[in-house]
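Here's the structure we're looking at; comments come further down.
The values are calculated or read from the model by the stated rules, or taken from the named source; none is laboratory data. Just so we're clear, the structure is a prediction, and the values are computed from it rather than from any experiment. All Cβ positions, glycine included, derive from the backbone under ideal geometry; neighbour counts span all protein chains shown. Keep in mind that these areas ignore ligands, DNA and RNA; they rest on the heavy atoms of the full protein, side chains included. Shrake-Rupley method; radii C 1.70, N 1.55, O 1.52, S 1.80 Å.
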Amino acid sequence: MNIQFRESQETASPLTSKTAIADCDIHPARATRTELYPYLAKRWQHHLEVYGVHAYQGMMEGPPYPKAQPNASRRDAYPPEGGPQGSSLSFMQKQLLDRNNVQLGVLNPLGTGQGIRNHELSAALCSAINDWQIDKWTSKDKRLKASIVVGNEDGLSAAAEIRERAGDKNFVQVLLLSRNVEPLGQRRYWPIYQAAEEAGLPVGVHAFGFGGNPITPSGWPSYYIEEMVGHSQCQQSALASLVLEGVFERFPKLKMVMIEAGFGWAPSLAWRLDKVWQRLRSEVPHVKRPPSEYIREQVWWTTQPMEDPERREDLFDVINWIGWDRLLFATDYPHWDYDEPSRVLPAGVSEANREAFYLGNAKKLYGIA
Amino acid sequence: MARHVIAPVNELPPGTRKLLEIDGRPIAVFNIKGEYFGLMNRCPHQGAALCEGPLIGLAQSRDPGEIEYTKLGEIIRCPWHGWEFDIRTGQSYCDPRRFRVKAYPAHVEPGASVVKGPYVAETIPVTVESDYVVVEL
Ligand code: FES
């Protein structure tokens with residue numbers, strides 16, 4: 001008799017990659033609706049109870065498209081103690097950090113007070129979420145670092161929030177979203193870039209957000225799958241705006257991170273920008289160098305959702321253009337399009353590039369020793 | 001091919017599944033309307049525990065606007081990225097040529113036969129009266 005079987009408690013395949021990695025896009029969630037109240041003045045608690053939150057998006061109770069899985073999250077990511085996916089530190093430690101040997105995890109909270117019409121409420125909620133990130137996450141696990149969430153539509157209050165957090169080692173970047181009221185290069189957002197540059201903090205632009213504009217440049221599509229693809233279109237116009245409004249020229253030490261919108265499109269956008277810039281340079285004389293130069297010098301890219309072309313050589317061509325020193329590995333935990341660290345990079349990558357991809361680039365960019 | 005007794009039939013009613021580890025392999029056994037199917041509980045895409053996903057049907061379309069929804073309760077949807085697999089065969093629907101989950105034959109045997117066989121599981125007290133779900137590995 002050599003039969004052994006037991007009830008399986010498995011939530012995913014066993015650890016295959018034991019090398020330390022960084023995860024540059026983790027989404028912590030609140031366990032309850034009122035979890036931020038301890039960090040909010042009474043005045044705003046009452047405001048939320050009476051008026052709720054008024055976003056730029058019209059006629060909106062929730063996200064405009066239903067997501068593929070509950071809370072757009074992995075179905076195995078519900079914490080055992082209850083609450084939404086991503087709301088339990090201990091479960092995140094077990095399911096993500098320990099299992100994958102994550103040495104640096106960058107938190108990007110979503111749905112937190114950005115893109116709200118009432119700018120005072122927006123600023124109060126963002127500040128609350130930043131306190132909450134320290135209290136609930138970064139002070140409890142040194143591997144975790146927070147992004148400073150700012151009331152993006154009001155550049156001045158956003159800059160004030162950045163200055164207040166500058167120098168606090170709990171924070172490693174400023175967080176913006178790709179969909180805003182205007183393209184991200186516009187002047188209303190400049191105080192954010194100025195404050196971030198002064199503080200030496202990269203600005204991460206995460207796909208998503210509600211700016212009140214249709215989800216694609218050609219209007220409202222029928223399907224969620226079109227919103228998913230639309231993230232990269234949106235990020236492309238945000239990046240073009242940053243280049244062409246001269247943000248990189250004005251803030252030469254500014255570092256931008258493109259988060260969760262792919263990177264396969266980077267070369268073609270840069271080539272196109274360079275070509276039209278040669279012909280229309282006089283329209284934007286403040287853009288002093290070919291657009292691709294700014295992009296290659298001042299932009300980093302998180303990997304999730306990792307590009308997955310049929311021919312792996314195509315992927316390497318793209319990465320070679322972007323630079324192996326510019327990619328930051330990310331899982332997007334606990335969201336449903338999570339990338340498994342051991343499965344995203346095909347064989348045939350040198351040890352040095354692998355190390356940079358999984359850990360080295362992130363540590364350098366975020367200043368982690 | 002070893003055979004493994006995994007449960008008395010009344011512990012695996014129609015519409016339910018049981019996740020197990022047999023010889024170190026994660027396996028799920030499903031009861032679909034009285035038929036039994038075994039499937040490797042590991043998604044060939046990125047390795048999620050596939051069989052923790054929901055059971056759905058198969059949406060197909062001949063023409064835009066015409067949707068046929070069949071195989072209700074026979075398609076497992078991965079809890080991570082939502083790839084769909086046929087429980088009967090392990091076939092994938094988004095990339096059938098490259099991806100398939102390993103399927104293991106499962107069926108019911110009467111108690112009398114499992115007691116006699118060389119494949120009686122020690123952890124299940126096998127009685128002659130009941131029928132048992134058996135997986136071949
Ligand atoms: S791991 Fe199952 S669909 Fe990706």
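A simple charge model with +1 on the Cβ of Lys and Arg, -1 on the Cβ of Asp and Glu and nothing else charged puts the dipole of segment B:9-86 at about 160 debye relative to its Cα centre. I'd like the distance separating the alpha-carbon centroids of segment A:300-324 and segment A:30-59, in whole Å. Result: 40 Å between the Cα centres. Each residue of segment A:124-136 was assigned a 3J(HN,Hα) from its phi angle through the Karplus curve 6.51 cos²θ - 1.76 cosθ + 1.60 (θ = phi - 60°); the sequence is 5, 5, 5, 4, 4, 5, 5, 4, 4, 4, 5, 4, 8 Hz, with glycine and proline shown as x. Computed per residue of chain A from DSSP H runs no shorter than four, each worth -39500 (n - 2.57), the mean residue ellipticity at 222 nm is -9500 deg cm²/dmol. Taking only the C-alpha atoms of segment A:305-367, Rg followed by Dmax gives 11.9, 35 Å. Cα-based radius of gyration for segment B:9-86, normalised by 2.2 N^0.38 Å, reads 1.20. Please report the carbon-and-sulfur percent of the accessible area for segment A:101-173; probe 1.4 Å, protein heavy atoms only, DNA, RNA and ligands left out. So the carbon and sulfur contribution to the accessible surface is 48 percent.
Less than 19 Å from a label point 7 Å out along the Cα-to-Cβ axis of residue A:224: which backbone N atoms in segment A:179-208 qualify, by residue? Backbone N within reach: A:207-208.
Using Cα-Cα distances under 8 Å and only pairs 6 or more residues apart, what relative contact order does segment B:9-86 have, in percent? All intermediate terms of the calculation are to be shown ahead of the outcome.
On the way: 140 pairs, mean separation 15.8, N = 78.
Computed value for segment B:9-86: 20 percent relative contact order.
Amide H to amide H distances under 5 Å link residue A:257 with A:203, A:204, A:205, A:300, where only residues 5 or more positions off or on other chains count and H is placed in the peptide plane. Using a simple spin-label model with pseudo-atoms 7 Å out from Cα toward Cβ, residue A:272 and residue A:45 lie 5.0 nm apart.
Take the alpha carbon atoms of segment A:250-271, find their center, do the same for segment B:51-84, and report the distance between the two centers in whole angstrom. The two parts, judged by their Cα centres, are 36 Å apart. In this structure residue B:93 has an accessible area near 60 Å², from a 1.4 Å probe over the protein heavy atoms. Using Cβ point charges alone (K and R +1, D and E -1), the dipole size of chain B about the Cα centre works out to roughly 360 debye. Using a ≥ b ≥ c from the Cα gyration tensor of segment A:159-289 (square roots of the eigenvalues), is it rounded, prolate or oblate, where a/c under 1.5 gives rounded and otherwise the larger of a/b and b/c decides, a/b for prolate? Since a/c reaches 1.5 but b/c is at least a/b, the shape of segment A:159-289 is classed as oblate.
Working from label points 7 Å from Cα in the Cα-to-Cβ sense, the residue B:63 to residue A:164 distance is 6.1 nm. Counting only Cβ charges, +1 for Lys and Arg and -1 for Asp and Glu, the dipole size of the protein assembly as shown around its Cα centre is about 900 debye.
If you average 1/r across every pair of different Cα atoms in chain A and take the reciprocal, what Kirkwood value do you get, in Å?
On the way: mean 1/r = 0.0470 Å⁻¹.
Result for chain A stands at 21.3 Å.
Calculate, for the protein assembly as shown, the solvent-accessible area per residue in square angstrom, rolling a 1.4 angstrom probe over the heavy atoms of the protein chains. Per-residue accessible area for the protein assembly as shown comes out at 45 Å².
Taking loop as defined by DSSP and a crowding limit of 16 other beta carbons within 10 Å, which GluC sites (Glu not before Pro) in segment A:231-281 fit?
On the way: sites: A:245, A:249, A:260; in loops: A:245, A:260.
Answer in residue order: no site qualifies.
Projecting the Cα positions of A:301, A:282, A:215 onto the charge dipole of segment A:206-303 (unit charges on Cβ atoms of Lys, Arg, Asp and Glu, taken about the Cα centre) puts A:282 furthest along the positive direction.
Checking the table A:42/A:136; A:42/A:142; A:140/A:253; A:142/A:364; A:253/A:363; A:18/A:253 against a 26 Å threshold on Cα-Cα, which pairs fail?
Details: A:42/A:136 21 Å; A:42/A:142 31 Å; A:140/A:253 32 Å; A:142/A:364 17 Å; A:253/A:363 18 Å; A:18/A:253 35 Å.
Where the Cα-Cα span goes over 26 Å, the pairs concerned are A:42/A:142; A:140/A:253; A:18/A:253.
Classify segment B:33-131: rounded, prolate or oblate, from the alpha-carbon gyration tensor (a ≥ b ≥ c, eigenvalue square roots; a/c under 1.5 rounded; otherwise prolate if a/b is larger than b/c)? Walk me through the intermediate numbers first.
On the way: a/c = 3.10, a/b = 2.06, b/c = 1.50.
Verdict is prolate for segment B:33-131.
Note on residue A:228: accessible area is roughly 60 Å² with a 1.4 Å probe, heavy atoms of protein only. Between the listed residues B:27, A:93, A:205, the Cα displaced farthest toward the positive end of the dipole of the protein assembly as shown, a dipole computed from Cβ unit charges relative to the Cα centre, is found at A:205. Distances between placed amide hydrogens fall under 5 Å for residue A:57 paired with A:212, all partners being 5 or more residues away or on another chain. Between residue A:117 and residue A:142, the modelled label-to-label distance comes to 4.7 nm, taking each label 7 Å out from Cα in the direction of the beta carbon.
Amide H to amide H, which residues 5 or more places from residue A:25 or on other chains are under 5 Å from it, using H placed in the peptide plane? Close amide H contacts, sequence-distant or interchain: A:106, A:331, A:332. Label segment A:261-365 by shape, choosing from rounded, prolate and oblate, from the square roots a ≥ b ≥ c of the eigenvalues of the Cα gyration tensor; if a/c is under 1.5 it is rounded, and otherwise prolate applies when a/b is larger than b/c, oblate when it is not. Because a/c hits 1.5 or more and a/b exceeds b/c, segment A:261-365 counts as prolate.
Secondary structure note: in the protein assembly as shown, about 65% of the DSSP beta bridges are antiparallel. The alpha carbon centroids of segment B:1-38 and segment A:123-167 are separated by 49 Å. When chain A is treated as a GNM with alpha-carbon contacts under 10 Å, the residue of A:116, A:192, A:225 showing the greatest mean-square fluctuation is A:225.
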